[in-house]
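One structure is given below, encoded as structure tokens.
The values are calculated or read from the model by the stated rules, or taken from the named source; none is laboratory data. Nothing here was measured: the structure is a model prediction, and the numbers come from that model. When we count neighbours, we look across all protein chains shown, and the Cβ atoms used for this are built from the backbone with ideal geometry, even at glycine.
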Amino acid sequence: MQKIKLKLFDSHCHLDDRAYDNDIDDVVHRMHAAGVASAMIVGTTLQRSIKAVSLAESFSELYASVGIHPHAAKSCSEETLEDLRNLAQKFRVHAWGEIGLDFNRMFSTKKDQEKWLVRQLDVADEMDLPVIFHERDSNGRLIEILKTHFNKGRNGVIHCFSGDRNELEQYLDMGLYIGITGIVTIKGRGADLRKLVHFIPVDRILVETDAPYLIPAPEKNDIRRNEPAFVRSVLLKLAEIKKEDPAHLADKIWNNTCCLYNVRF
């Protein structure tokens, strides 16, 4: 059977991870072979943001974001934000993040996470950059902060959405995009997400790998590292769930991603 031709954008990956240090050229080649024409490398610390930008400057199909992940909030400072602000002026930087709240692992205190989330929202606003949000077990606190500090009309995405319908509707009301990962392909873990996908308008969905994490089901038994090529499996599962033609859905999501990140080809 002929393989369906798709044009895809992995809206969130971490190719700056050491897991790709020895074969990044091959990873990018496999992207192209799978129809993944572009990918966003998402910064999580100052050093990893620097590496993300360097990679984006080395490959024309890659873009970068800069930011401090909530896990690293305890090490953030005004000096760090100034360094990131300067880095964000690079041509290949098209977003700020990932930033947000993670009350699951608590690598940084709630106080530090909330302080530096708000400050980074201020800086992203100054830089006129869309924001990539991380949320885990914040029990509505991220929504509270966004309602106060995220200017309506600004662009952003809830990366790796894992909330309930009430949270989904509030994010959509804020005009945010919803990032769907390979979790949607996992039989047990993805059951709730597959139900919620029906309530996400097609013009608000993005697909992502979060590589090297969250390998989709079709590849999970054969490989231990996710990569942008596998975002194809996420798109195909979404098309199945929403009963959409895969190529048509891929085009819609490509346009969503380019709109969010202000990318023009």
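Suppose we filter the range 48-88 for residues that are in a helix (DSSP H, G or I), polar (S, T, N, Q) and under 26 Å from Phe230 (Cα atoms); how many remain?
From the range 48-88, those in a helix (DSSP H, G or I) are 48-58, 70-75, 78-87; that's our starting set.
From what's left, polar (S, T, N, Q): 49, 54, 58, 75, 80, 86.
From the residues that got through so far, the ones that are under 26 Å from Phe230 (Cα atoms) too are 49, 54, 58.
Within the range 48-88, residues that are in a helix (DSSP H, G or I), polar (S, T, N, Q) and under 26 Å from Phe230 (Cα atoms) number 3.
Cβ-Cβ under 6 Å, sequence separation 6+ or interchain: first residue in the range 239-265 and charged (D, E, K, R), partner in a helix (DSSP H, G or I) and modelled with pLDDT of 95 or more. Which pairs?
Lys252/Val202
Within the range 5-62, can you find the residues that are farther than 15 Å from Asp210 by Cβ and aromatic (Phe, Trp, Tyr)?
Phe59
What do you reckon, is Ala211 of a type in the set (Gly, Ala, Ser), under 23 Å from Gly35 (Cα atoms) and surrounded by fewer than 23 Cβ atoms within 10 Å (Cβ to Cβ)? Break it down stepwise before answering.
Numbers: of a type in the set (Gly, Ala, Ser): yes; under 23 Å from Gly35 (Cα atoms): yes; surrounded by fewer than 23 Cβ atoms within 10 Å (Cβ to Cβ): no.
No, not satisfied.
Would you please name the residue that is nearest to the chain's Cα centre (by Cα), looking only at residues in the range 167-199 that are touching a residue at least 40 places away in the same chain (Cβ under 8 Å) and assigned to a helix (DSSP H, G or I)? Spell out how you get there, then give the answer.
Going residue by residue through the range 167-199, those that are touching a residue at least 40 places away in the same chain (Cβ under 8 Å) are 176-177, 179-182, 184-185, 194, 197-198.
Filter again for assigned to a helix (DSSP H, G or I), leaving 182, 184-185, 194, 197.
Working: Gly182: 12, Val184: 15, Thr185: 17, Arg194: 18, Val197: 17 Å.
The extreme case among them is Gly182.
Across the range 218-228, what is the total count of residues that are more than 12 Å from Tyr20 (Cβ to Cβ) and either assigned to a loop (DSSP other than H, G, I, E, B) or at pLDDT 95 or above (or both)?
The initial filter retains those residues of the range 218-228 that are more than 12 Å from Tyr20 (Cβ to Cβ), namely 218-224.
This time we only want the ones that are either assigned to a loop (DSSP other than H, G, I, E, B) or at pLDDT 95 or above (or both), so: 221-224.
Adding up the residues that qualify gives 4.
Among the residues of the range 13-31, are any part of a strand (DSSP E or B) and touching a residue at least 12 places away in the same chain (Cβ under 8 Å)?
So the first thing to find is which residues in the range 13-31 are part of a strand (DSSP E or B), and the list is 13.
Cutting the leftovers down to touching a residue at least 12 places away in the same chain (Cβ under 8 Å) gives us 13.
Scanning the range 13-31, I find at least one residue that is part of a strand (DSSP E or B) and touching a residue at least 12 places away in the same chain (Cβ under 8 Å), so the answer is yes.
Being crowded, with 16+ Cβ neighbours inside 10 Å, over 19 Å from the mean Cα position of the chain (by Cα) and not hydrophobic (A, V, I, L, M, F, W, C) is the requirement here; does Asp122 meet it? It would help to see each step written out before you state the result.
On the way: crowded, with 16+ Cβ neighbours inside 10 Å: no; over 19 Å from the mean Cα position of the chain (by Cα): yes; not hydrophobic (A, V, I, L, M, F, W, C): yes.
When the stated conditions are applied, Asp122 does not pass them.
Go over the candidates Val53, Val36 one by one and state the one that is closer than 22 Å to Phe91 by Cα, modelled with pLDDT of 95 or more, touching an Asp or Glu at 6+ places or on another chain (Cβ under 6 Å) and surrounded by 18 or more Cβ atoms within 10 Å (Cβ to Cβ).
Numbers: Val53 fails: touching an Asp or Glu at 6+ places or on another chain (Cβ under 6 Å).
None of the other options fit; the residue is Val36.
On the basis of being modelled with pLDDT of 95 or more and either among the basic types (Lys, Arg) or closer than 26 Å to Asn262 by Cα (or both), does Gly182 make the cut?
Values: modelled with pLDDT of 95 or more: yes; either among the basic types (Lys, Arg) or closer than 26 Å to Asn262 by Cα (or both): yes.
Considered against the rule, which asks whether it is modelled with pLDDT of 95 or more and either among the basic types (Lys, Arg) or closer than 26 Å to Asn262 by Cα (or both), Gly182 comes out as yes.
Looking at Lys243, Lys252, Lys195 in this structure, which one is under 20 Å from Glu135 (Cα atoms) and modelled with pLDDT of 95 or more? Explain how you work it out, then say what you get.
On the way: Lys243 fails: under 20 Å from Glu135 (Cα atoms); Lys252 fails: under 20 Å from Glu135 (Cα atoms).
Only one candidate passes the filter, namely Lys195.
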